[in-house]
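Trainee: Input: one structure, supplied below.
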């Protein structure tokens with residue numbers, strides 16, 4: 001075995017990047033929740049009963065996709081988390097009472113939810 005066969009040339013190695021990309025070697029793997037998300041917000045949602053935290057994580061996921069804190073919340077994406085429409089309604093009620101969100105309910109349509117900023121209690 002001759003180690004000189006594995007020797008690189010004199011040219012420095014520069015990884016190829018796609019046009020317009022400043023990152024090298026990065027490829028998104030799957031879906032993720034875009035942040036930053038306030039730990040105080042998550043802690044308050046986690047202390048609420050039922051599926052409030054599940055619904056909250058879905059809201060933040062959708063907000064990252066839409067790049068907006070105001071968005072419609074359909075039943076379809078919630079099914080992935082085991083949340084049915086009744087649990088969604090109860091979760092939105094308790095999250096609204098806790099002042100984590102505002103919710104505009106519309107008959108026969110997905111509710112329009114706005115995520116609110118939360119500050120830690122002193």
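Trainee: For residue 40 and residue 96, calculate 0.36 nm times their separation in residues minus their Cα-Cα distance, and state this gained length in nm to one decimal. It would help to have the intermediate numbers written out before the result.
Mentor: Numbers: separation 56, 0.36 × 56 = 20.16 nm, distance 1.55 nm.
Result: 18.6 nm gained on full extension.
Trainee: Per 0.36 nm of contour for each residue apart, how much would the distance between residue 103 and residue 1 grow if the chain were fully extended, relative to their Cα-Cα spacing?
Mentor: Here the answer is 29.7 nm.
Trainee: Now for a separate question. Mean 1/r over all different Cα pairs, inverted: what Kirkwood radius does the stretch 36-122 give, in Å?
Mentor: Evaluated over the stretch 36-122, this radius sits at 12.9 Å.
Trainee: Using a 10 Å cut-off on Cβ atoms, rank the peptides 99-105, 70-76 from the highest mean neighbour count down.
Mentor: My ranking of the peptides, most packed first, is 99-105, 70-76.
Where a number appears in this text, it was derived from the coordinates with a stated rule and is not lab data. Keep in mind the model is a prediction, meaning the values are calculated, not measured. Backbone-built Cβ (ideal geometry, glycine too); neighbour counts: all protein chains shown.
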